[in-house]
1. I need the Debye-formula profile for segment 17-128: one equal scatterer per C-alpha, no solvent, reported as log10 I(q)/I(0) at q = 0.24 1/Å, two decimals.
2. Please compute the volume of the convex hull spanned by the alpha-carbon atoms of segment 98-204 and report it per residue in Å³.
3. Where in the chain are the DSSP H helices whose alpha-carbon span along the long axis reaches 18 Å or more and whose Kyte-Doolittle mean is at least -0.5?
4. Could you work out how far the C-alpha centroid of segment 60-98 sits from that of segment 186-227, in angstrom?
5. Determine the dipole magnitude for the chain: charges of +1 sit on the beta-carbon of Lys and Arg, -1 on that of Asp and Glu, nothing else is charged, the reference point is the Cα centre, and the result goes in debye to the nearest 20.
6. Name the residue from Gly229, Tyr214, Trp84 whose Cα lies farthest towards the positive end of the charge dipole of the chain, charges +1 on Cβ of Lys and Arg and -1 on Cβ of Asp and Glu.
7. Can you list the lysines whose alpha carbon is less than 26 Å from that of Lys93, not counting same-chain residues fewer than 8 positions off?
8. Grab the DSSP H runs of the chain that are 4 residues or longer, score each as -39,500 (n - 2.57), total them, divide by all residues and round the 222 nm result to the nearest 500 deg cm²/dmol.
Amino acid sequence: MWPYPKVIAHRGGGTLAPENTIAAMQCGLDFGYRAVEFDVMLSMDGVPVLMHDPLFGRTVRIGEAGGVATTNAAELLQMDAGSWYSESFIGEKVPGYAQVVQFCQQHGIWMNVEIKPVPGYETQTGRVVAQVTQALQTPDARLPLFSSFSFDALMAAQQQAPEIPRGYLLDEITPDWLSSLQQLDAVALHTNHKHLTPELAQQVKQAGYGLLCYTVNTQERAAEIRSWGVDAFCTDKINLIAPDF
Ligand code: G3P
Ligand code: MG
């Protein structure tokens, strides 16, 4: 049995708010969601922050050069991460991971923390995200589910915090998926629904692992992959798919 939420708001509030911001988490809450996925990477001084892209230009400092791994947290946390989305979100800042964990704990939101290292910082990112998560964990809060496309980041997270469950992200399921999950002592495989087949889903489920898909944006597709055994999915369309779907 899958012990985690089955429908998860992607990047905070899907496409209804600027991704990976507190405003996105609030948007998810407003749509009744109590489960969220977001992306975390490290600043130059080793502070985990919410960000999808290692380089500036899309969601922060539009059109400018620079990136997360060469910028200190104090500067990153002042950056506007809302104006790229719409005028009504001007002033929405890049949130620190600690701030988001506290927001989610306060509102009873379960977290799928995607560890998304800047290339070259895989082990450090996995270790630090795990350390910070341990330090912020409260007795009454549910443990998050870590996930990553980076095997090394998840391995580092496992070494630091074996008690925090892990899901291995593969855009396409590779032949060695089972060996990777075993080495990581992972609970689940997370994969792109576009490349999933009923046969692959059955193999993952028969091996005893959870199966989570991204990013599923219609009820029809959600129902279809569920019929294949998929346990959970994240969605950009939190206005079209109810959290209890
Ligand atoms: O964690 C699933 C999904 O978020 C992976 O893709 O690029 O949206 O982080 P991306
Ligand atoms: Mg993600």
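Rule-based calculations on the coordinates, nothing more; no lab input. Quick caveat, the model's predicted, so the values are computed rather than measured. Neighbour counts run over all protein chains shown; Cβ positions are idealised from the backbone, glycine included.
1. Debye output, listed in q order: -1.40.
2. So the per-residue Cα hull volume is 115 Å³.
3. Working: long enough: 122-136 (21 Å, -0.07).
Helices meeting the criterion: 122-136.
4. Rounded to whole Å, the Cα centres lie 33 Å apart.
5. I would put it at about 320 debye.
6. Working it through, the farthest residue towards the positive pole turns out to be Gly229.
7. Excluding near neighbours in sequence, the set is Lys116, Lys237.
8. Numbers: 8 runs with 75 residues, N = 245.
About -9000 deg cm²/dmol.
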